[in-house]
1. Ala91: buried (at least 17 other Cβ atoms within 10 Å of the Cβ) and in contact with a His (Cβ under 7 Å, 6 or more places away or on another chain), yes or no?
2. Would you say Leu126 is hydrophobic (A, V, I, L, M, F, W, C) and under 26 Å from Leu182 (Cα atoms)?
3. Suppose the filter is closer than 24 Å to Val205 by Cα, at pLDDT 95 or above and touching a Leu at 6+ places or on another chain (Cβ under 9 Å); does Val100 pass it?
4. Checking Tyr164 against (1) open to solvent by less than 80 Å² (accessible area, probe 1.4 Å); (2) among the aromatic types (Phe, Trp, Tyr); (3) over 30 Å from Tyr52 (Cα atoms), which single condition isn't satisfied?
5. How about the range 107-121: which of its residues are surrounded by 14 or more Cβ atoms within 10 Å (Cβ to Cβ) and not hydrophobic (A, V, I, L, M, F, W, C)?
6. For the range 138-152, which positions are in a helix (DSSP H, G or I) and touching a residue at least 12 places away in the same chain (Cβ under 8 Å)?
7. Can you name the condition, by its number, that Ala45 falls short on among (1) surrounded by fewer than 18 Cβ atoms within 10 Å (Cβ to Cβ); (2) in contact (Cβ under 8 Å) with a residue 60 or more places away in the chain; (3) closer than 21 Å to Ala24 by Cβ; (4) more than 17 Å from the chain's Cα centre (by Cα)?
8. Please determine whether any residue of the range 226-235 is closer than 29 Å to Leu44 by Cβ, at pLDDT below 95 and under 17 Å from the mean Cα position of the chain (by Cα).
Amino acid sequence: MELLEHLENVMETNELVLSLDEVAVRKGHRYETVLIDAQSGSVLAMEHQRSYDSTQILLTKKILANKCVHTVVMDMWDPFHKAVKSIFPEACIVIDKYHVVQKVTQALDQVRKKIPGLKKGRFKLLKGSEKLTINEKQQLDEMLEEHLELSYAYFLKELFREVYQAPNLDTADSLLEEWIQLAWSSPFPSFHQVAKTLTKWKAQVLQYFLTPFTNGRIEGTNHKIKNIKRRAYGFRNLERFRLRVFLECTGKYYKNQAA
């Protein structure tokens, strides 16, 4: 189905789901914010930087109608949220679950970094326990037995995964609140920060259980965009860069979207 035909169909039912994320295009915190139709995976628009003002510009592109946007999926970048609320006040906001899980795994990794000699253990710690081989599980068990503080942090990481395995919103809410309290009671500042962040964004995190969308498609598209950038050894002209992205990520040459 053509992109515009798809958009017309979803707009008729007010069920347009958007994904919003940024991709680094140059060193020095130079970003392009990418807006994607979460259901088709097509790039809708791009805008330089990721500020409140630039995100507002992105969200007011003429291809979108405010009343048709049902859900917006994004990370916890505050300017994104402020811009979405100002442009789509009725839309549901979902914090992308992969960004949430990433916060937890990064907290575990911060604990690991403070223990000398565990550089090679990072992969086994951050990987899902069910994906480990028998040999990797044995090595992990030995590592955790030797470092009890790391075992505590690993327990918190694995326990958090149960939140997104919850069968419904009420169970997820209960599990998340329990996890936040356990994180606060731990001796790890990195997990304290995650607990603080989850408390702030709790409603948007739990919205996933009512509107279960993620930024999975936009992360894949971002990977494709990075490959485009690498093949060209970086783009000095951002308009040409955007045109190339639209050509490869929508199948159409939408110059008016890249302008």
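The values are calculated or read from the model by the stated rules, or taken from the named source; none is laboratory data. Keep in mind that this is a model prediction, so the values were computed, not measured. Ideal geometry is used to build each Cβ from the backbone, glycine not excepted, and the neighbour counts take in all protein chains shown. All accessible areas refer to the heavy atoms of the entire protein, side chains included, with ligands and DNA or RNA removed. Shrake-Rupley method; radii C 1.70, N 1.55, O 1.52, S 1.80 Å.
1. Values: buried (at least 17 other Cβ atoms within 10 Å of the Cβ): yes; in contact with a His (Cβ under 7 Å, 6 or more places away or on another chain): yes.
Yes; evaluated as a whole, the condition is true for this residue.
2. Values: hydrophobic (A, V, I, L, M, F, W, C): yes; under 26 Å from Leu182 (Cα atoms): yes.
So Leu126 passes the test.
3. Values: closer than 24 Å to Val205 by Cα: yes; at pLDDT 95 or above: yes; touching a Leu at 6+ places or on another chain (Cβ under 9 Å): yes.
Spelling it out, Val100 is indeed closer than 24 Å to Val205 by Cα, at pLDDT 95 or above and touching a Leu at 6+ places or on another chain (Cβ under 9 Å).
4. (3)
5. Initial filter on the range 107-121 (surrounded by 14 or more Cβ atoms within 10 Å (Cβ to Cβ)): 107-112, 115, 118, 121.
If the condition is that a residue be surrounded by 14 or more Cβ atoms within 10 Å (Cβ to Cβ) and not hydrophobic (A, V, I, L, M, F, W, C), then Asp109, Gln110, Arg112, Gly121 are the ones that fit.
6. As a first pass, look at the range 138-152 and keep what is in a helix (DSSP H, G or I): 138-146, 148-152.
Answer for the range 138-152, where residues must be in a helix (DSSP H, G or I) and touching a residue at least 12 places away in the same chain (Cβ under 8 Å): Gln139, Leu140, Met143, Glu149, Leu150, Tyr152.
7. Of everything listed in (1) surrounded by fewer than 18 Cβ atoms within 10 Å (Cβ to Cβ); (2) in contact (Cβ under 8 Å) with a residue 60 or more places away in the chain; (3) closer than 21 Å to Ala24 by Cβ; (4) more than 17 Å from the chain's Cα centre (by Cα), Ala45 misses just condition (1).
8. Within the range 226-235, the first condition is being closer than 29 Å to Leu44 by Cβ, and the residues that meet it are 226-235.
Next, only the ones that are at pLDDT below 95 stay: 226-235.
Keeping just the survivors that are under 17 Å from the mean Cα position of the chain (by Cα) gives 226.
Taking every residue of the range 226-235 in turn, at least one turns out to be closer than 29 Å to Leu44 by Cβ, at pLDDT below 95 and under 17 Å from the mean Cα position of the chain (by Cα).
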